[in-house]
Every structure is written in C-alpha cells, then in structure tokens.
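Shown next, in structure tokens, is the structure this report addresses.
The values are calculated or read from the model by the stated rules, or taken from the named source; none is laboratory data. Note that the structure is predicted; figures quoted are calculated from it, not measured. Cβ: placed from backbone, ideal geometry, glycine included. Neighbour counts: every protein chain shown.
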Amino acid sequence: MNIHDLQHQFIAYAMSIGVDKIGFTTAAPFTELKNRLRRQQELGYQSGFEERDINKRTEPLQLLDEAESIVAIAMAYPSRMPNAPVGKKGARRGIFCRASWGVDYHTALRERLKLLTAWLEEHVEGVRVESMVDTGALVDRAVAERAGIGWSAKNCAIITPEFGSYVYLGELITNIPFAPDTPMEDECGDCRLCLDVCPTGALIEGGQLNAQRCIAFLTQTKGMLPDEFRTHIGNRLYGCDTCQTVCPKNKGKINWLHEEFQPDPELAKPLLTPLLTISNKEFKAKFGHVSGSWRGKKPIQRNAILALAHFKEEAAVPNLVALLTKDDRPVIRGTAAWALGKIGGEQAQAALLTAMLKETDEEVLGEIDKGLAFFNQ
C-alpha cells in the first residue's frame, strides 16, 4: 500500500472510532514555541504541571529517534448541560468546568490512540509509535495548530471551525512519513473579549497566559489560596470556562457527539455542603472517573468552602465550624476560618474567637485573624 492510500485509510479508521478531527504535521522542531516557553519560564508564568525539559516539549526526535511525522487528533466535548440543577439558598451548588464533564478525557483519548497505534502496527511493518495526551512532553496545542486542527487563539486554546474550542487533543509521533496538513489562518481578528473578561487578568496578551493567575490552575492547587484570588473563584470547584464561554467562535457549538462526555448534572454541578464531609472512599467512588478528581478531594473541598463563602451561605456555618475545630488539615481549617468571617453572624464569630485560643498552626491563626477582621468592617 502506498503512503497516500495508507493515510487515507488511516483517516477513515480514525473517524470510525470516534475521532472528530485528525491532522498531520512533520516531526520538525517547534522552534518558535521553544523561544516562547523559555520566555514563559523566565517570567514565572508556568504552572509547574508541565514537563520541565523544554527540549522534550519542542523536539519530537527526543521522544522518538526515528520520528518522521506527528498525528494530531481531537474529540469534541459538550458546551451545554441539559436539565442543569439550579442551586438555591440552603442548597448551593458548585461547578466543574466543561472539560471535566463525563468520563476523564485522558482515558477516552488514550483508548483511541491505542486503537490507532494497533491499526498502524497491523498495516505497516516496522512502524514505531509514541502517543500522548495532555500529560505527555509535547505541547498538544502547538501540535494541533501545526497539523491544521485549528488555530491558536488569544485565549491560548485551539479553536476549530466545527467545534469551537471545546475539543480534547492528543497526538502520536511515528516513523511513517505522512503528508503534512496546512495550518489554519488565525480568525480571532481584533476581538479581545477573552482578554477583557478574564477574572484575574491571567491572559497577559493574546496567546500569552500567566498560569499562576489562571483560575483553572488555581483550583487545582492544594495550599491556601492567595487572598487576591478568593473572591474570583466564585462557585468553581475545578477549572474555569470564562475565556471559552465569551468567545464568539463558540456560539452555537453544543457538541453533543459522544455519550461518554455527556455530564451527570449531579456530578458536574454538585451540592456544596456534602463535599465538606465526603470521605476519600466516597470521593473516589463518586468523582474518580472525571478528570477534575486527579488532585484528590482536598482542592475540591477547599474550593467548596470558598464557594459557600461566595454565596454567604449561613446554613453552612455549622459545617464550617466543624471543619475549623476538628479537621486535621491546616488548609481546610484556615479556609473555613476565612469563610466564616466572610459569611458572618454570631455563631461564626464565636467559633473564630474560640478557635483562636486553641489553634497552634501559625498559618491557620493568620486566617482566623482575617476572618475576625470581617466583623470590624
């Protein structure tokens, strides 16, 4: 079989197993990206979750020594949730970002990449393949951009004409010299809505993100959330979709294509108060299959506390008092202390004054002081 026919059949197979877009590029280094990543590193804009070796992130030959081309794939995920539950006083709800609705996309894309690899192994003797999703060394968006999946937008997402930016990305490097696709023209134009509405100013300029200020990153951290970001979290438990939801290119892109990505409303918008006392076992059983669970329950619980403070949910005060006085994790005790001050009321104030006499952790004591300071405003 010649390379043209092979590529054509490979594309057809990819579509048959649920891949929504597929593109090809060479295994040449991502030279411009390397310079941008170095600049990001110098500015301290990286999240810390990335592969630290910039050469591995930008030179495919470091990952597969016979690399000839890279295959980029994309799968679309939903932007809307039918019959979404509505929170109300006494029963407030948080929200997971759209990329955490349904089954963990790492699992879904790895399954497709595994099938694609098996197909190549069956049809090409001596084929070599290295596949990755998100946690791999290569920068998914840079590969997708060069392979013609979509253009790299000002909000740092890949936007596809068919599905907007609501796509998961993955790739495989291979020693097969597939014909490369042509990158798309940037269609953002003069629009800067995403930059203007970013809650924390994390989008420094078009295509440049300070991950340390990005709510999507902040919701995944495990420590005490810096003061300046607490009121910006809102009721977000994991991730942030603001720069996607305002994008005109996403208008009308609903993407109800894959049953595995369709959200369970009670998981995508869960009640906040039950999250405060959920056990590790219960958390894993309930949320373990979604991508937003990867950091464990602690960040989710911390964010749930901040969400209750955002709503000034008085009904949650007894639960927060219990966390402040009984939880063995300083981050949870401290966040509860701050939230009690934000919510206010006699019970909250009394609990903070009592806790101040018993608490021994300096950071938690600092949060108790912050909580009490709300009563003097």
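Structure data summary
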{"read-out": "Only listed residue being in contact (Cβ under 8 Å) with a residue 40 or more places away in the chain and touching a Ser or Thr at 6+ places or on another chain (Cβ under 8 Å), chosen from L193, L209, L172", "value": "L172"}
{"read-out": "Hey, E205 out of contact with any Asp or Glu (no Cβ under 8 Å at 6 or more places or on another chain) and over 25 Å from P78 (Cα atoms) or not", "value": "yes"}
{"read-out": "When residues of region 141-154 are limited to those that are under 18 Å from the mean Cα position of the chain (by Cα) and without any contact (Cβ under 8 Å) to a residue 60 or more places away in the chain, the one surrounded by the fewest Cβ atoms within 10 Å (Cβ to Cβ)", "value": "R141"}
{"read-out": "Test: residue in region 70-86 that is farther than 30 Å from F311 by Cβ, in contact with an Asp or Glu (Cβ under 9 Å, 6 or more places away or on another chain) and surrounded by fewer than 20 Cβ atoms within 10 Å (Cβ to Cβ)", "value": "no"}
{"read-out": "Selected residue (only one of L320, L324, L365, L340 is more than 22 Å from E228 (Cβ to Cβ) and either aromatic (F, W, Y) or assigned to a helix (DSSP H, G or I) (or both))", "value": "L324"}
{"read-out": "Condition met for T335 (part of a helix (DSSP H, G or I) and under 22 Å from R236 (Cα atoms))", "value": "yes"}
{"read-out": "Residue among R192, R213, R230 that alone is in contact with a helix residue (DSSP H, G or I) (Cβ under 7 Å, 6 or more places away or on another chain) and either within 15 Å of C97 (Cβ to Cβ) or modelled with pLDDT of 95 or more (or both)", "value": "R230"}
{"read-out": "Among the candidates E59, E66, residue that is crowded, with 17+ Cβ neighbours inside 10 Å, among the charged types (D, E, K, R) and closer than 15 Å to T174 by Cα", "value": "E59"}
{"read-out": "Region 1-23: number of residues that are buried (at least 16 other Cβ atoms within 10 Å of the Cβ) and more than 23 Å from Y77 (Cβ to Cβ)", "value": "2"}
{"read-out": "Any hit, region 339-353, residues being in contact with an Asp or Glu (Cβ under 7 Å, 6 or more places away or on another chain), under 21 Å from A91 (Cα atoms) and surrounded by fewer than 20 Cβ atoms within 10 Å (Cβ to Cβ)", "value": "yes"}
{"read-out": "Residue check, E32 buried (at least 17 other Cβ atoms within 10 Å of the Cβ), under 30 Å from H4 (Cα atoms) and of a type in the set (D, E)", "value": "no"}
{"read-out": "Residues within region 25-70 that are in a helix (DSSP H, G or I) and of a type in the set (S, T, Y), tallied", "value": "2"}
{"read-out": "Failed item in (1) crowded, with 16+ Cβ neighbours inside 10 Å; (2) more than 17 Å from the chain's Cα centre (by Cα), with K114 passing the rest", "value": "(1)"}
{"read-out": "Every residue from region 87-111 that is farther than 14 Å from V19 by Cα, in contact with a strand residue (DSSP E or B) (Cβ under 9 Å, 6 or more places away or on another chain) and crowded, with 17+ Cβ neighbours inside 10 Å", "value": "G87, R92, R93, G94, I95, F96, C97, A99, S100"}
